[in-house]
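First comes the structure, then the notes that go with it.
The values are calculated or read from the model by the stated rules, or taken from the named source; none is laboratory data. Small disclaimer: the values here were computed from a predicted structure and weren't measured. Note that we place each Cβ from the backbone using ideal geometry, even for glycine, and neighbour counts take in every protein chain shown.
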Amino acid sequence: MAHTPTIARGGGDPSAPARGNRRKPPRRKASGLPPWLIPYALLLPGLVVIAALLLYPLFQMVQMSFQKVGLRQFRPKNPLPAEYVGGENYAQVFASDLFWSSLRNTVVFALVTVAFTLLLGTLVGLLLHKLGGKMSTVVIVGIMAAWAVPPTSAAIIWKWLFDADAGIINWALNLLPDWLSQLAFGRSDWTGEPWLNDALSIYLVLIVTVVWASFPFIAVSVLAGLKSIPSELYEAAKVDGSTGFGTFRKITFPLLKPVFSVLVVLSVIWDFKVFTQLFLLAGGTNMPREAFNLSLWSYIEAFNPPPDMGLGAAVAVVLTVILLLITFVYVRQIVKTEDVR
Amino acid sequence: MSPLARKRLGRIALNSAGVAVFLFAVFPVYWMVATSFKPNDEIFTTDFVPIPLSPTLDHVERVFTKGVAGHSIWEYLLNSAIVAIGAVTIGAVFALLAATAVARFRFRFRTSFLILLLIVQMVPAEALLLPLFLMVRRLGLYDQLLGLIVINIGLTLPFSVWMLRTFVAAVPKDLEEAAWIDGASRFTTFWKVLFPLVAPGLVATSIFAFITTWNEFVFALTLLNDSGNFTMPRALSFFIGQRSTDWGGIMAASTLMTIPVLVFFLLVQRRMVSGLVAGAVKG
């Protein structure tokens, strides 16, 4: 970049930075594409993939949500063309009691999980920042291990930890002194407690599973943010007599706000569409219907016999609309903090 | 209390909190590994058996020889590797081209393209499941690894481009211009100058895509039917549905699936954070 002479800062006529007239590379003999076309040619394969595998299906999903697509449209011998049914699928979705229970499960789960994930993640991030070098490295490697575990494995591990008969959680709860267990949970014997039978306790286990797997990302991001705050600020605050929480509220939090807003939105988006962990914890397609969230309900309507893909698509559209609204906030935040221009 | 004692107490409190976090994070992983080496009577007990007292390789051996759903776990690991490597290789080429375009050129629709990338990343895969399922069937790719490869390219590409463009932008433009002035062709400039400098970023991005593909479950669940084609996550879910009490075997299989990801993860952990929070952390 051309340097503007220091004198120019004093006002007056700034000597024009030589930005616009950089020397252009010499023209090459015919090398195929005209220069203006090159970026488009480079983008082409990626755009084709995105259009064919993400945009077109999105359009098709909306289209299907207005159609009846079932067994008769699927049979190998003279399948019927999909039949346009207008808003019938949507009417069916909103009339179903499953809609309200799945929506409630989706939203409440996301809110609770995001709150816990962010709280725990931030605390651990702050802790990592305070810990000594060696200890901090050890803890980072530890939480990385939790983060790295594939969702399928994570679900299965927690299913095992919460196993009714030989699970370690029931063993640990039985260790509690009876009066304490009585006081906190109203019972003292946890032997054989089945955690994965009814919706409420399924979601309890699911929250633990997802928080466990996602707090490391928050912690490491917060740590990265903290490291970028100049230590002079903290020294100045100390001189001015600020302590602990005040410093966090007045310095740390405002400076990390952009990080937090991105983290919140990312977490909400991730937790809104949780599928794999719920599917595995709750026992696949045989899970209790009250435990459906929107993703699972859509999947089960569309693929469990008798398949009703139109209905499944309508549920998926509802979920997507909610997510795109949240995404809008995220995109705005990113555009604000980063140069996409 | 003297300031010194208070300070020491504070350090002890911090370190214990560190230990607690470490245990919470690591214990479940440890328990998975430990269970896969325990004999059955140490697994199915209401007592706490902290370590395998008489460690055994029975479970590991069983998932390899007897396998799951009639196939050795090797086959599933191999299928997963084929899908992941296939999707990552092709995806990396596409991502590199697109990232070069957005990081090196100014053109119309550049901003629109970047915003498009952000938005499509957020579309839930479950929502695309239905149309993609029908598309894959129409193309005759149902129950084939190739179908899954194609889908995973689509799923990972937006993020790969997004992450890779920062690496391309970080390479000083002067280098390319110098090569250009020395008479190198466009292709030579790209291949001999830009590519070697972007290679580390390309590796990091590819590892990220590899992990995503390796872990992918929903599409493997929907698009694969014959157990011989299962990828690891799909095989694992089949396993737990079919022999739900064989915890030794399930944990052994789960451990085997986790190991490659764990190794890759520790390799790219730092880049991963910067890629995900892209720019929000300005330092």
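Observations on the model:
- The stretch B:187-199 - residue that is crowded, with 17+ Cβ neighbours inside 10 Å and not aliphatic (A, V, I, L, M) and, of those, farthest from B:VAL168 (Cα to Cα): B:THR189
- Any hit, the stretch A:185-193, residues being under 32 Å from the mean Cα position of the chain (by Cα), crowded, with 18+ Cβ neighbours inside 10 Å and under 22 Å from B:ALA25 (Cα atoms): no
- Single residue of A:ALA236, A:ALA313 found to be small (Gly, Ala, Ser) and either surrounded by fewer than 18 Cβ atoms within 10 Å (Cβ to Cβ) or not in a helix (DSSP H, G or I) (or both): A:ALA236
- Scanning the stretch A:294-320 for residues that are under 17 Å from the mean Cα position of the chain (by Cα) and more than 10 Å from chain B (Cβ to nearest Cβ) yields nothing.
- Test: residue in the stretch A:195-216 that is polar (S, T, N, Q) and crowded, with 22+ Cβ neighbours inside 10 Å: yes
- Selection within the stretch B:136-152 - more than 12 Å from B:PHE219 (Cβ to Cβ) and facing chain A (nearest Cβ under 10 Å): B:ARG137
- Residue match in the stretch B:161-182 (condition: free of Cβ contacts under 8 Å to residues at least 24 places away in the same chain, out of contact with any Pro (no Cβ under 9 Å at 6 or more places or on another chain), under 30 Å from B:ASN225 (Cβ atoms) and facing chain A (nearest Cβ under 10 Å)): no
- When A:LEU127, A:LEU119, A:LEU123 are checked against the criterion of being within 18 Å of the chain's Cα centre (by Cα), under 30 Å from B:LYS7 (Cβ atoms) and not polar (S, T, N, Q), a single residue qualifies: A:LEU119.
- One residue stands out among those in the stretch B:121-132 that are surrounded by 21 or more Cβ atoms within 10 Å (Cβ to Cβ) and in a helix (DSSP H, G or I): the one that is farthest from the other protein chains (Cβ to nearest Cβ), which is B:LEU129.
- When restricted to residues that are acidic (Asp, Glu) and either modelled with pLDDT of 90 or more or closer than 23 Å to A:VAL124 by Cα (or both), the stretch A:138-181 contains 1.
- Residues in the stretch B:136-167 that are closer than 25 Å to B:ILE115 by Cβ and surrounded by fewer than 20 Cβ atoms within 10 Å (Cβ to Cβ): B:THR166 only.
- Every residue from the stretch B:17-32 that is among the hydrophobic types (A, V, I, L, M, F, W, C) and buried (at least 16 other Cβ atoms within 10 Å of the Cβ): B:ALA17, B:VAL21, B:PHE22, B:PHE24, B:ALA25, B:VAL26, B:PHE27, B:VAL29, B:TRP31, B:MET32
- The sole residue among A:TRP195, A:TRP179, A:TRP160 that is part of a helix (DSSP H, G or I) and under 18 Å from A:GLY284 (Cβ atoms) is A:TRP160.
- Within the option set B:GLY10, B:GLY91, being of a type in the set (Gly, Ala, Ser), surrounded by fewer than 17 Cβ atoms within 10 Å (Cβ to Cβ) and within 11 Å of chain A (Cβ to nearest Cβ) holds for one residue only, B:GLY10.
- Residues in the stretch B:220-270 that are of a type in the set (Gly, Ala, Ser) and more than 7 Å from every other protein chain (Cβ to nearest Cβ): B:ALA220, B:SER227, B:GLY228, B:ALA235, B:SER244, B:GLY248, B:GLY249, B:ALA252, B:ALA253.
- Any hit, the stretch A:111-128, residues being buried (at least 18 other Cβ atoms within 10 Å of the Cβ), part of a loop (DSSP other than H, G, I, E, B), touching a residue at least 24 places away in the same chain (Cβ under 8 Å) and facing chain B (nearest Cβ under 10 Å): no
- Residue ID - nearest to A:PHE292 (Cα to Cα), chosen from residues in the stretch A:244-278 that are basic (Lys, Arg) and within 11 Å of another protein chain (Cβ to nearest Cβ): A:LYS273
- Selection count where residues are of a type in the set (Val, Ile, Thr) and at the interface with another protein chain (Cβ under 7 Å from one of its Cβ atoms), scope the stretch B:13-34: 3
- Filtering the stretch A:182-228 to residues that are among the β-branched types (Val, Ile, Thr) and either touching a Phe, Trp or Tyr at 6+ places or on another chain (Cβ under 6 Å) or modelled with pLDDT of 85 or more (or both) leaves A:ILE202, A:VAL205, A:ILE207, A:VAL208, A:THR209, A:VAL210, A:VAL211, A:ILE218, A:VAL220, A:VAL222.
- Top-ranked residue in the stretch A:31-64 [being among the polar types (S, T, N, Q) and at the interface with chain B (Cβ under 8 Å from one of its Cβ atoms); ranked as surrounded by the fewest Cβ atoms within 10 Å (Cβ to Cβ)]: A:SER31
- So B:VAL60, is it closer than 30 Å to A:ILE38 by Cα, within 28 Å of the chain's Cα centre (by Cα), more than 12 Å from every other protein chain (Cβ to nearest Cβ) and part of a helix (DSSP H, G or I): no
- In the stretch B:35-47, residue surrounded by the most Cβ atoms within 10 Å (Cβ to Cβ) [restricted to those that are hydrophobic (A, V, I, L, M, F, W, C) and at the interface with chain A (Cβ under 10 Å from one of its Cβ atoms)]: B:ILE43
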